[in-house]
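A short worksheet on the structure shown next.
The values are calculated or read from the model by the stated rules, or taken from the named source; none is laboratory data. Just so we're clear, the structure is a prediction, and the values are computed from it rather than from any experiment. Neighbour counts run over all protein chains shown; Cβ positions are idealised from the backbone, glycine included.
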Amino acid sequence: MFIRRLPAFEYHTPATVSEALGLMGRYGEAARLIAGGTDLLIAMKKREAAPGHLISLSGVEGLQGMSFDDKEGLRIGSLTTLAEIEASDIVKEIYTPLWDAVRVMASVQVRSLATIGGNLCSAIPSADTAPPLIALGASAQVTGPGGERSVRLEDFFSGPKACVCGREEILTAVLVPKPGPRSGGSYLKLMRRHAMDLAIVGVAACITLDPSTAVCAGARIALGAVAPTPIRAPEVEKELIGKPVDEATAAAAARIAGTQCRPITDLRASLEYRCSMVEVLTVRAVMEARKRITG
């Protein structure tokens, strides 16, 4: 596909969130926020977007990096890159489904630029960070002229390439609670290549086992690339809770997962194939989550 040069635009470098919000208010529909730029700049070269003003968040204080508290959990600034998340021992050991996702996303070069905020706000149905964060019970911290508000990540996406952030709002952080004892999770992604490819299907599973009976005491299942937005699957969770987590239970839950998704047929896969693979990956994700708990 022929990609042209970037169209002309004015570049702004605010130093604070309030300054960035002021610029968004001033330029309105003619402005776009830019973080890593790995999605937006390509869209501009293809003329899918042609903003007259780019407002860079790279110099805005308070949006970078991660912090972990044993009670509050993990805070990920919206400008934190996927490479930083991949390199975090805390993410790898405690928030394993998110680590599963970032390590199979894009290329090393792209991961060093792409941010978690950009991946979520682009709101494409196949966004890899969304299902694991939904399964982990994460919320988005959104800041606007009226102050801050918190949105559950499962409610953050309003449609394909659309999220709940208003024109004068900025995603400033992702907040992820610490999983409880005897909890584990997994994210599995089906793609045509072994790396650097979009998800055909993505499944995240987080479960908690009762310490005395090994019965499933809690479950959160999220699906990606099989609906207009990443989705949570509560009916699948109900099938798991209160039962021993084994192949039969996982298979029964997976059959329900295959009915909960709403995929499309496109060049990469048919609707029927995606539904079938949702079942396969749900079984594998649940059993991998159990394995990570029991060792």
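General remarks:
- For segment 212-248, the set of residues classified as closer than 28 Å to ALA162 by Cβ and among the acidic types (Asp, Glu) consists of GLU235, GLU237, listed by residue number.
- Scanning segment 145-181 for residues being assigned to a strand (DSSP E or B) and either touching a helix residue (DSSP H, G or I) at 6+ places or on another chain (Cβ under 8 Å) or of a type in the set (Phe, Trp, Tyr) (or both) gives a total of 7.
- The condition (being within 23 Å of the chain's Cα centre (by Cα), within 25 Å of PRO145 (Cα to Cα) and modelled with pLDDT of 95 or more) is satisfied by just one residue among ILE34, ILE90: ILE34.
- Boolean, ALA199 is surrounded by 24 or more Cβ atoms within 10 Å (Cβ to Cβ), modelled with pLDDT under 95 and outside the structural domain of ALA138 (by TED's automatic domain parsing): yes
- Residue match in segment 10-17 (condition: of a type outside the set (Ser, Thr, Tyr), at pLDDT 95 or above, in a helix (DSSP H, G or I) and more than 24 Å from the chain's Cα centre (by Cα)): no
- Test: PRO97 is modelled with pLDDT under 95 and buried (at least 20 other Cβ atoms within 10 Å of the Cβ): no
- Single match in ILE207, ILE256 (criterion: of a type in the set (Val, Ile, Thr), under 14 Å from SER183 (Cα atoms) and surrounded by 15 or more Cβ atoms within 10 Å (Cβ to Cβ)): ILE207
- Qualifying residue in segment 105-124 (condition: surrounded by 18 or more Cβ atoms within 10 Å (Cβ to Cβ), touching a residue at least 12 places away in the same chain (Cβ under 8 Å) and within 26 Å of VAL215 (Cα to Cα)): no
- Taken over segment 265-284, the criterion of being out of contact with any strand residue (DSSP E or B) (no Cβ under 9 Å at 6 or more places or on another chain), surrounded by 14 or more Cβ atoms within 10 Å (Cβ to Cβ) and in a loop (DSSP other than H, G, I, E, B) is satisfied by ARG268 alone.
- Residue in segment 35-47 that is exposed (fewer than 14 other Cβ atoms within 10 Å of the Cβ), assigned to a loop (DSSP other than H, G, I, E, B) and touching a helix residue (DSSP H, G or I) at 6+ places or on another chain (Cβ under 9 Å) present: no
- ALA140 part of a strand (DSSP E or B), buried (at least 18 other Cβ atoms within 10 Å of the Cβ) and within 14 Å of the chain's Cα centre (by Cα): yes
- Just one of the listed residues (PRO230, PRO263) is under 20 Å from the mean Cα position of the chain (by Cα), at pLDDT 95 or above and not assigned by TED's automatic domain parsing to the domain that holds TRP99, and it is PRO230.
- Scoring ALA20 on the criteria (1) within 13 Å of ILE170 (Cα to Cα); (2) in contact with a strand residue (DSSP E or B) (Cβ under 8 Å, 6 or more places away or on another chain); (3) assigned to a loop (DSSP other than H, G, I, E, B) leaves a single failure, condition (3).
- Residue within segment 129-152 that is without any contact (Cβ under 8 Å) to a residue 12 or more places away in the chain and basic (Lys, Arg) present: yes
- Output for segment 91-115, where each listed residue is outside any loop (DSSP other than H, G, I, E, B), out of contact with any Leu (no Cβ under 7 Å at 6 or more places or on another chain) and either under 19 Å from LEU153 (Cβ atoms) or polar (S, T, N, Q) (or both): ILE94, THR96, TRP99, ASP100, ALA101, GLN109
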